[in-house]
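Following: one structure in structure tokens, then a few remarks.
The values are calculated or read from the model by the stated rules, or taken from the named source; none is laboratory data. Owing to the predicted nature of the structure, the values given are computational and were not obtained by experimental measurement. Neighbour counts are summed over all protein chains in view; Cβ atoms, including those assigned to glycine, are modelled from backbone coordinates with ideal geometry. Remember, those area values only see protein heavy atoms, side chains included, never the ligands or the DNA or RNA. Shrake-Rupley method; radii C 1.70, N 1.55, O 1.52, S 1.80 Å.
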Amino acid sequence: MNFLRVIVLHLCLILSVSLLSSGLFAKVVLISDIDDTIKSSFIRNQTWRVAYAFSTDVYYKGMGALYSQVIKDNPEAKVFYLSNAPAILMEGQHLRLLSKGGFPQGEMLLRGLESSRTHKMNRLREVIIEEQPSTVIFIGDNGENDIEFYKKITQEFSSSGVRFLTFIRIA
């Protein structure tokens, strides 16, 4: 069942990549969650969450290639990896995971001392304001409120002319 969901997500992203590479959009920003989006983290299960927290080998196969294709088709695109994981504990692990999984270079936006309730929303706003993209691709999962964060940001910036594409993996 999870395999089918990953395939559907890949197909949707491939369609988006096709649209983006047709030159319809000027500046693309891809913002991706990490845990349970590109890495099997089992955030909703306390036991498994601890067991997989520091693993760097449990990424979803093909996602790195898919993100790389977005960059290939949109050379000016920027990638941001956004996570509520504490930077002090997880930055090295996440960087190794991204490297092993063939993910493109991007800026890592992990949580410092900020509350996990405000971190993602604040970083999303900052990226959109600083980058001023014409298209934002959100990729997340249903495990830790990505849907709500992406929806709020889409509504907040709806009058700015930014086009938002949101893809959610069912964890």
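Data for the structure
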{"read-out": "Residue in the stretch 150-168 that is in a helix (DSSP H, G or I), within 17 Å of Lys27 (Cα to Cα), among the acidic types (Asp, Glu) and in contact (Cβ under 8 Å) with a residue 24 or more places away in the chain present", "value": "no"}
{"read-out": "Test: residue in the stretch 46-57 that is hydrophobic (A, V, I, L, M, F, W, C), under 23 Å from Pro133 (Cα atoms) and either in a helix (DSSP H, G or I) or modelled with pLDDT of 50 or more (or both)", "value": "no"}
{"read-out": "Asp146 touching a Gly at 6+ places or on another chain (Cβ under 6 Å), at pLDDT below 85 and crowded, with 19+ Cβ neighbours inside 10 Å", "value": "yes"}
{"read-out": "Of the criteria (1) outside any loop (DSSP other than H, G, I, E, B); (2) under 25 Å from Glu130 (Cα atoms); (3) at pLDDT 50 or above, which one Ser21 fails", "value": "(3)"}
{"read-out": "Test set (1) open to solvent by less than 50 Å² (accessible area, probe 1.4 Å); (2) more than 14 Å from Leu30 (Cβ to Cβ); (3) under 13 Å from the mean Cα position of the chain (by Cα) - Gly62 fails condition number", "value": "(3)"}
{"read-out": "Close pairs (9 angstrom Cβ cut-off, 6 or more residues apart or separate chains): within 14 Å of Ala85 (Cβ to Cβ) in the stretch 110-128, among the hydroxyl-bearing types (Ser, Thr, Tyr) and open to solvent by less than 50 Å² (accessible area, probe 1.4 Å) anywhere", "value": "Leu110/Tyr81; Leu110/Ser83; Arg111/Ser83; His119/Ser83; Lys120/Ser83"}
{"read-out": "Of all residues in the stretch 75-90 being in a strand (DSSP E or B) and within 14 Å of Thr135 (Cβ to Cβ), the one that is most open to solvent (accessible area, probe 1.4 Å)", "value": "Lys78"}
{"read-out": "Any hit, the stretch 85-108, residues being farther than 16 Å from Val29 by Cα and touching a helix residue (DSSP H, G or I) at 6+ places or on another chain (Cβ under 6 Å)", "value": "yes"}
{"read-out": "Qualifying residue in the stretch 99-113 (condition: open to solvent by less than 10 Å² (accessible area, probe 1.4 Å) and not in a loop (DSSP other than H, G, I, E, B))", "value": "no"}
{"read-out": "Sole residue being open to solvent by 30 Å² or more (accessible area, probe 1.4 Å) and under 12 Å from Asp33 (Cβ atoms), chosen from Thr154, Thr166", "value": "Thr166"}
